[in-house]
1. Condition first: part of a strand (DSSP E or B) and touching a residue at least 60 places away in the same chain (Cβ under 8 Å). Now tell me which residues in region 58-89 satisfy that.
2. Is it the case that region 58-76 has a residue that's at pLDDT 95 or above, surrounded by 21 or more Cβ atoms within 10 Å (Cβ to Cβ), of a type outside the set (Phe, Trp, Tyr) and under 15 Å from VAL139 (Cα atoms)?
3. Could you check region 8-22 and list, in sequence order, the residues that are of a type outside the set (Gly, Ala, Ser), closer than 19 Å to TRP104 by Cα and in contact (Cβ under 8 Å) with a residue 12 or more places away in the chain?
4. I need the full set of residues from region 90-121 which are in contact with a Phe, Trp or Tyr (Cβ under 7 Å, 6 or more places away or on another chain), touching a residue at least 40 places away in the same chain (Cβ under 8 Å) and assigned to a strand (DSSP E or B), in order please.
5. What do you reckon, is SER69 polar (S, T, N, Q) and within 18 Å of ARG100 (Cα to Cα)?
6. Among the listed residues VAL139, VAL87, which satisfies the condition of being modelled with pLDDT of 95 or more, of a type outside the set (Ser, Thr, Tyr) and at negative phi?
7. At pLDDT 95 or above, closer than 27 Å to GLY141 by Cβ, of a type in the set (Lys, Arg) and exposed (fewer than 14 other Cβ atoms within 10 Å of the Cβ): is that true of LYS82 in this structure?
8. Look at ALA149 and say whether it is at pLDDT 95 or above, under 20 Å from PRO2 (Cα atoms) and in a helix (DSSP H, G or I).
Amino acid sequence: MPETGDIAPDFTLPRDGGGEITLSALRPQKVVLYFYPRDDTSGCTKEAIGFTEAAEAFEAAGAVVVGISKDSVASHDKFARKHGLRVILASDEGSDVCERYGVWAEKSMYGKKYMGIERTTFLIDGEGRVAQVWAKVKVPGHVEAVLEAARAL
């Protein structure tokens with residue numbers, strides 16, 4: 001997992017609404033890169049809506065918000081339409097970016113072990129360096145904490 005001060009691994013992924021997103025092309029903006037397990041599940045929906053509600057504040061702080069999961073672009077499009085999301089949703093169906101960011105991990109639910117995305121957020125500065133990492137994110141209060149850090153950067 002990239003740590004504070006590391007250059008964030010670059011990537012190009014397909015995104016909601018068509019087209020692609022390349023991390024390095026977003027410079028010199030700050031980037032809030034959040035990895036989430038699955039479209040349209042309870043926690044992921046709350047997180048995406050939270051980032052959407054704060055979209056103007058992130059923009060004012062010079063930051064763009066990008067969510068990544070293994071869901072398809074079609075799933076992202078449906079998720080975004082259903083909830084009126086205004087954040088970029090990128091599709092990492094092959095897990096390459098998730099693995100490079102160290103968020104593809106063994107998880108456990110009801111005693112069963114499985115591989116999945118560990119909810120994690122990276123704040124990346126305008127030069128492409130990781131400024132802060134939130135691992136094993138709990139959704140309540142998270143968007144506010146990330147916004148505060150983005151404003152301070």
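1. ALA63, ILE88, LEU89
2. yes
3. Within region 8-22, PRO9, ASP10, PHE11, LEU13, PRO14 meet the criteria.
4. Listed by number, the residues that qualify are ILE117, THR120, THR121.
5. In short, yes.
6. Matching residue, one of VAL139, VAL87: VAL87.
7. yes
8. yes
The values are calculated or read from the model by the stated rules, or taken from the named source; none is laboratory data. All figures in this text were calculated on a predicted structure; none of them were measured in a lab. We place every Cβ from the backbone using ideal geometry, glycine too, and count neighbours over all the protein chains shown.
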